[in-house]
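Single-structure report; data block below.
The values are calculated or read from the model by the stated rules, or taken from the named source; none is laboratory data. Computed from a predicted model, the values in this text were never measured in an experiment. A quick note on method: Cβ atoms are made from the backbone with ideal geometry, for glycine too, and the neighbour counts reach across all protein chains shown. In case anyone asks, the SASA skips ligands and DNA or RNA and just uses the protein heavy atoms, side chains included. Shrake-Rupley method; radii C 1.70, N 1.55, O 1.52, S 1.80 Å.
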Amino acid sequence: MSTSSSPEMQQLASALAEGVASIRSSTSSDDLRTLMSALTGKKGAIATVKASLGKLTDIDARKALGSAVNDALNELHSAAETRSRELRTAEFAEQIQSERVDMTELALSARTTQRRGRMHLVTQATERLEDVFIGLGFQIAEGPEVETDFYNFEALNMPPSHPARSMWDTLFIESDVEGSVVLRTHTSPVQIRVMQEWPPPIYAVMPGRVFRKETPDATHMPVFHQIEGLVIDRGITFADLAGTIESFTKAFFGSGFTSRLRPSYFPFTEPSAEFDIRRPDGSWIELGGCGMVHPHVLRAGGLDPNEWSGFAFGFGIDRMAKERHGVNDLRDMYSDDVRFTEQFS
Ligand code: DAH
């Protein structure tokens with residue numbers, strides 16, 4: 001055919017050959033992208049040939065050139081695809097190489113030149129408590145720090161305007177939720193959440209942050225930590241509670257320590273008690289509250305009090321850490337002063 005050697009066909013063939021050659025020698029994915037938009041764009045050599053289509057009067061010649069233009073474009077795209085794959089493979093290998101980290105080197109330099117951080121005293125105490133309770137067969141659970149009135153009070157046998165609510169200086173949150181929303185004043189609401197979610201028997205401890213409207217001083221903080229315990233099973237008695245507190249005391253503090261329970265009042269337990277720990281020297285530490293889970297609380301957790309019974313306990317973690325490390329002022333534990341933190345390992 002005469003068209004095969006027409007000037008347009010020749011122009012197209014050389015544009016294609018040049019284009020493929022430059023695609024093959026492109027050196028990065030970015031280059032290739034720029035190159036392709038030049039080659040296939042409106043100002044490219046192929047576009048120039050395409051523009052001349054309109055001037056061809058011979059229909060056959062026009063058809064032949066039109067399909068040759070399409071073929072050329074297809075060929076450019078497939079060459080670009082092949083090259084792009086090669087480049088990406090190479091670039092990926094290069095990236096892996098450049099991001100490679102020699103862990104042995106890092107570990108060595110950390111040991112010799114970097115000071116290691118330490119866990120906060122309260123974190124250390126929490127982890128030790130968890131370990132001890134796990135050893136006694138408990139599981140760990142957590143609940144939200146922002147709670148509804150229902151979980152923080154009502155489900156714990158404190159209906160609205162129950163006087164026992166004033167045992168906690170509560171921080172309220174403005175919200176659109178019906179009823180009030182509070183920063184939880186204790187970890188006890190997690191008892192309800194666990195009862196609602198886990199089928200009994202339940203042996204759980206629930207550590208976490210709690211909040212009260214307090215002015216910070218040596219022994220009080222508006223934000224502190226508690227750990228809650230909950231046991232629900234068939235035929236659980238007060239003796240199981242006393243025995244568990246005693247086992248915990250020995251496992252956590254040491255075999256020279258013992259515990260005692262004193263009658264007390266909490267709305268969510270009946271009977272209720274406070275428990276103290278006796279040091280080997282005969283002095284006592286007040287630790288927390290405990291008791292048999294009140295039937296109203298079991299019901300709020302979705303359990304039938306005729307079938308299930310249980311006990312609960314709760315105590316503060318910060319004061320224990322303070323006690324254990326001989327810290328004089330709770331505020332020091334939260335000052336983020338490295339000279340303080342460094343004293344404890
Ligand atoms: N929630 C109580 C408080 O913050 C502590 C407490 C007392 C927890 C008795 C309990 C319990 O689980 O049975 O003061």
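Accessible surface ranking for His186, His296, 1.4 angstrom probe, highest first: His296, His186. Each Lys and Arg adds +1 at its Cβ and each Asp and Glu adds -1 at its Cβ; summed about the Cα centre, the chain shows a dipole of about 780 debye.
Using a cutoff of 8 angstrom between alpha carbon atoms and counting only pairs six or more residues apart, the relative contact order for the stretch 54-191 works out to 18 percent. Reported to the nearest whole Å, the Cα centre-to-centre distance from the stretch 268-283 to the stretch 1-51 is 89. Enumerate the lysines that Lys213 could reach by cross-link, defined here as Cα to Cα under 27 Å, with residues fewer than 8 away along the same chain left out. Once the sequence-local lysines are set aside, what remains near Lys213 is Lys322. Heavy-atom accessible surface of Ser14, to the nearest 10 Å², is about 60 Å², with a 1.4 Å probe and all protein chains retained.
Among complete DSSP H helices in the chain, those whose alpha-carbon atoms stretch at least 20 Å along the helix's long axis and whose mean Kyte-Doolittle hydropathy reaches -0.5 are 7-24, 121-135, 238-253. With Cα atoms defining each centre, the stretch 146-213 and the stretch 300-345 are spaced 17 Å apart in the structure. Return the carbon/sulfur percentage of the accessible area of the chain, one whole number, probe 1.4 Å, all protein chains in place. On the chain, the fraction of accessible area on carbon and sulfur atoms equals 52 percent.
Within the chain, what's the longest run with no trypsin sites (Lys or Arg not before Pro) in a DSSP loop and at most 16 other beta-carbon atoms within 10 Å? Give the range, please. The reported range is 235-345. In the chain, Cα pairs under 8 Å separated by at least six residues give a relative contact order of 14 percent. For the stretch 1-107, a crude dipole built from +1 on the beta carbon of Lys and Arg and -1 on the beta carbon of Asp and Glu, taken about the Cα centre, is about 620 debye to the nearest 20. When you filter the GluC sites (Glu not before Pro) in the stretch 165-274 for DSSP loop state and at most 11 other Cβ atoms inside 10 Å of their Cβ, you are left with Glu174, Glu178. What the chain shows is 57 Å² of accessible area per residue, with the surface traced by a 1.4 Å probe over protein heavy atoms. Taking every C-alpha pair closer than 8 Å and separated by at least 6 residues, the mean separation divided by the residue count of the stretch 135-341 gives a relative contact order of 20 percent.
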